[in-house]
Amino acid sequence: MGFLDKLFGKSTKTDNEPAVKKDNLKIAIVQGSVRQGRNGEAVAKWTYDFATKRNDDVEYEIVDLADYNLPMLGEELTEVNQSDSETAIKAWSEKIASFDGYIFVAPEYNHAVGGALKNALDFLNPEVNNKAAAFVGYGSLGGTRAHENLRLILGELQVADVRTAVTFSLMTDFENMSEFKPADYHADNANQMLDQLISWTGGFKSLR
């Protein structure tokens, strides 16, 4: 196996394994933090670049939650804000519904997923039913507790989440906890995660 194949995972399967039927799969890389000064932009871009370089014939797109000014679910809105909020909710719903699978780039806040992403997911249900998801996290523990929280939430939304996740440490993968410099070993997990996600996404698409 060549170095590039090992790095980007194009040759991780043997010739005897069946090829995944992708059928123009679309997978969203959801940037789940809206916090000012967030590290998520660099992590989402790394995920996008890594995934597209594998040449899996899958269409990836970064969807930034900060581009959707969603209200808090259930909050009372003034007449002035009502129209804008309804437009934002509709745009978010239609965008998420257009994908077959998802990679959630999620940091950890107080041992859980950030409130903005939880709120955004609460506006969804049929848009994501019978689809698949994977997780890329970052934080003091790589965002793992946010991932476990997301597994519970997505289970209720009938989204199947793959086992392998990518977890970046603020201590070792960021210089001064701000400049993203991921270690090379994350490529193995990223390849496994994408292999699983593509297989499950294709399988669930055939069920819908």
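Laboratory data are not the source of any read-out in this text; all were calculated from the coordinates shown. Just so it is clear, the structure is predicted and the values come from calculations on it, not from any experiment. No Cβ is skipped: glycine too gets one built from the backbone with ideal geometry, and neighbour counts run over all protein chains shown.
Measuring how big the chain is from its alpha-carbon positions, Rg and Dmax come out at 17.3, 62 Å. Summarising the amide proton neighbourhood of F168: residues at separation of 5 or more, or on other chains, whose placed amide H is nearer than 5 Å comprise G137, Y138, G139.
Beta bridges assigned by DSSP with both partners in the chain are antiparallel in approximately 15 percent of cases.
Build a GNM of the chain with springs between Cα atoms under 10 Å apart, and of G155, G143, G114 the one that fluctuates most is G155. Computed over neighbours whose Cβ is under 13 Å from that of L124, the net charge equals 0, Lys and Arg +1, Asp and Glu -1. Note on the range 81-150: Cα Rg divided by 2.2 N^0.38 Å, N the number of residues, gives 1.21.
For Y102, nonlocal amide neighbours, meaning residues 5 or more places apart or on other chains whose placed amide H falls under 5 Å from its own, are A28, A132, A133, A134. Excluding the site residues themselves, the longest part of the chain lacking any GluC sites (Glu not before Pro) in a DSSP loop with at most 15 other Cβ atoms within 10 Å is 77-208.
Partner aspartates and glutamates whose Cα lies under 17 Å from the Cα of K118, excluding those fewer than 8 positions away in the same chain, are identified as D64, D67, E75, E108, E127, E148, E156, D161. For the range 102-199, what class follows from the C-alpha gyration tensor (a ≥ b ≥ c being the square roots of its eigenvalues): rounded when a/c is under 1.5, otherwise prolate if a/b is larger than b/c, else oblate? Cα axes put the range 102-199 in the oblate bin.
DSSP loop (so not H, G, I, E, B), at most 15 other Cβ within 10 Å: list which trypsin sites (Lys or Arg not before Pro) in the range 20-90 pass both filters.
Values: sites: K21, K22, K26, R35, R38, K45, K53, R54, K90; in loops: K21, K22, R35, R38, R54.
The qualifying sites are K21, R35.
Using a ≥ b ≥ c from the Cα gyration tensor of the range 20-141 (square roots of the eigenvalues), is it rounded, prolate or oblate, where a/c under 1.5 gives rounded and otherwise the larger of a/b and b/c decides, a/b for prolate? Could you put the intermediate results ahead of the total?
Values: a/c = 2.09, a/b = 1.36, b/c = 1.54.
Judged from the Cα gyration tensor, the range 20-141 comes out oblate (a/c at least 1.5, b/c at or above a/b).
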